[in-house]
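Some notes on the structure that comes next.
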Amino acid sequence: MAAIRSDGTDDLDGWDDGEDEEDDEAEEYEADSEDGGFAAGVAHGIALRNRQMRFGDEVDGDGETTEGFSDWRSEHDDDSMSDVSEEAQARYEDENGQMLDEDDVEGEDWESAEEEMPDAPAQNTPPTSTSVTPPDTSKQNGDAADDDHPAEAPTTNEPPRYLILEDTVPSAHHYADSAPSSNPTHMKRVQKEHGILQKPGALPSGVYVRTWESRLDLLRVLFIGPAETPYSQAPFVMDFHLPPTFPTEPPHAFFYSWPGEAGLGGVGRVNPNLYEDGKICLSLLGTWEGSKNEGWNSRSTILQVVVSLLGLVLVKEPYFNEAGYETLAGLESSRRPSALYNERTFLRARTFVITALARVGKEGVATWRDLKGVGDVVRWEYYDEDGPRGLQKVIQDVEGVLERSEKGGEEVDGLTVMSKGACIPLRRVLVRLKELR
């Protein structure tokens, strides 16, 4: 079983790619992090300073204005509108900067002076974006561009990694029937969790989080399997609930283990930590007895859970996620069992692709409620011409595995080369995948 330290210090099996640093930032939720980048932070700070000097706006203790979630918390958040200042007295000046009495101003005809006084240039504060591609603020703030590494053009139709939906919570969400909490302390912490998740660059690539404006304590997360693992390009959906006891107790989590179509090898677990009944075995969720420092504590975050699932569960050799097997990693005697486990996992993960595409279709309309909220993401990931074209990648990957396996001469690793027995259902999987194009 996989375990994650609550302080975010564990190695994420080669998949940290900076996520452990993001976890550290997420743990310091009491002080907002600088995930938007140094340049964006400088621009944001300058804009706030100017705004405060010019208009007397108040800024919170972290140097950020309070944003979002106001409708959800308006009558519960004691901090939201506690220090509203009285309206500032109006002051009037003539064109020479001389002060005017209010009596002199009333009834006067004022003329536009656009020719002498053009509009002030727009502020350089970059917009807060939930897009996967944060705005490029380097040129706005005078930073020198790196000519050797020009920025890639953003994909305009790429779905945001984080999104609050206005729809009602799907009835098939595993925790849809749970009672919402009205406790102000709980609600404020839930808002903080969403503030962490929505920061540009916070969520790893291939992770999409959806929540509902009427129930921010419920989330649905779509994971696209990481490359160079048996889960590559496969979709996995999980539901989360931040219960009234959160953050004293960890979030509740449920995994959708879709059964595969007959004859395609879609039987059994896709990972030792992901049960067919929906249970997710992870120390950070309190479902696995790890060491003292590996469990949940009140400063842990839902972002840590997401990163742990991606980095500790959807790994290259899931065989060693079995309880007690981690000590066998690297042993010559474990290579063959691990390769055979990868074969079954690779086949099982391809059936997840088939199930998701059959339930969503090319139009991205989720006909099954366990995909509500992420149907458009599935369409973009697998079908969109401007997207990753995941279905074509999966087909090419399977074709390459079959070609290498049938050619022979290479050791079976369960990832790039399969045994003859595994190639039989894999050919049927390939046929079914091509039917979905």
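The values are calculated or read from the model by the stated rules, or taken from the named source; none is laboratory data. Given the structure is predicted, the values throughout are model-derived calculations rather than measurements. Cβ placement follows ideal geometry from the backbone for every residue including glycine, while neighbour counts extend to all protein chains displayed.
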Report summary line: Residue pairs within 8 Å by beta carbon, gap of at least six or interchain, first lying in the stretch 336-347 and farther than 13 Å from Val398 by Cα, second β-branched (Val, Ile, Thr) and crowded, with 24+ Cβ neighbours inside 10 Å, listed first then second, are Thr345/Val270
**Report entry** Asp384 surrounded by 17 or more Cβ atoms within 10 Å (Cβ to Cβ), assigned to a helix (DSSP H, G or I) and at pLDDT below 95
**Finding:** no
Requested in this report: Keeping to the stretch 296-334, report how many residues are assigned to a helix (DSSP H, G or I) and surrounded by 16 or more Cβ atoms within 10 Å (Cβ to Cβ).
Outcome: 17
Report summary line: The correct count of residues that are crowded, with 17+ Cβ neighbours inside 10 Å and in a helix (DSSP H, G or I) in the stretch 155-187 is 2
Report task. Could you tell me whether Ala227 is outside any strand (DSSP E or B), in the same structural domain as Leu282 (by TED's automatic domain parsing) and out of contact with any His (no Cβ under 7 Å at 6 or more places or on another chain)? Result -> yes
**Report entry** Unmet criterion (only one of (1) surrounded by fewer than 23 Cβ atoms within 10 Å (Cβ to Cβ); (2) over 26 Å from Asp177 (Cβ atoms); (3) modelled with pLDDT under 95) for Pro272
**Finding:** (3)
Query raised in the report: What do you reckon, is Ser291 at pLDDT below 95 and surrounded by fewer than 16 Cβ atoms within 10 Å (Cβ to Cβ)?
Result: yes
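Kindly indicate which of Arg335, Arg359, Arg344 is under 24 Å from Arg269 (Cα atoms), of a type in the set (Lys, Arg) and touching a helix residue (DSSP H, G or I) at 6+ places or on another chain (Cβ under 6 Å).
It is Arg359.
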Report summary line: Within the stretch 389-420, residues being among the hydrophobic types (A, V, I, L, M, F, W, C) and either part of a helix (DSSP H, G or I) or loosely packed, with under 15 Cβ neighbours inside 10 Å (or both) number 6
Query raised in the report: Looking at the stretch 342-360, which of the residues that are surrounded by fewer than 21 Cβ atoms within 10 Å (Cβ to Cβ) and over 23 Å from the mean Cα position of the chain (by Cα) is farthest from Asn157 (Cα to Cα)?
Result: Arg344
Requested in this report: Filter the stretch 190-230 down to the residues that are surrounded by fewer than 20 Cβ atoms within 10 Å (Cβ to Cβ) and polar (S, T, N, Q), then identify the one that is nearest to Asn342 (Cα to Cα).
Outcome: Ser205
Query raised in the report: (1) closer than 21 Å to Val221 by Cβ; (2) touching a Pro at 6+ places or on another chain (Cβ under 7 Å): which one isn't true of Tyr341, the others all being true?
Result: (1)
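Restricting attention to the stretch 364-374, does a residue exist that is surrounded by fewer than 18 Cβ atoms within 10 Å (Cβ to Cβ) and either in contact with an Asp or Glu (Cβ under 9 Å, 6 or more places away or on another chain) or at pLDDT 95 or above (or both)?
yes
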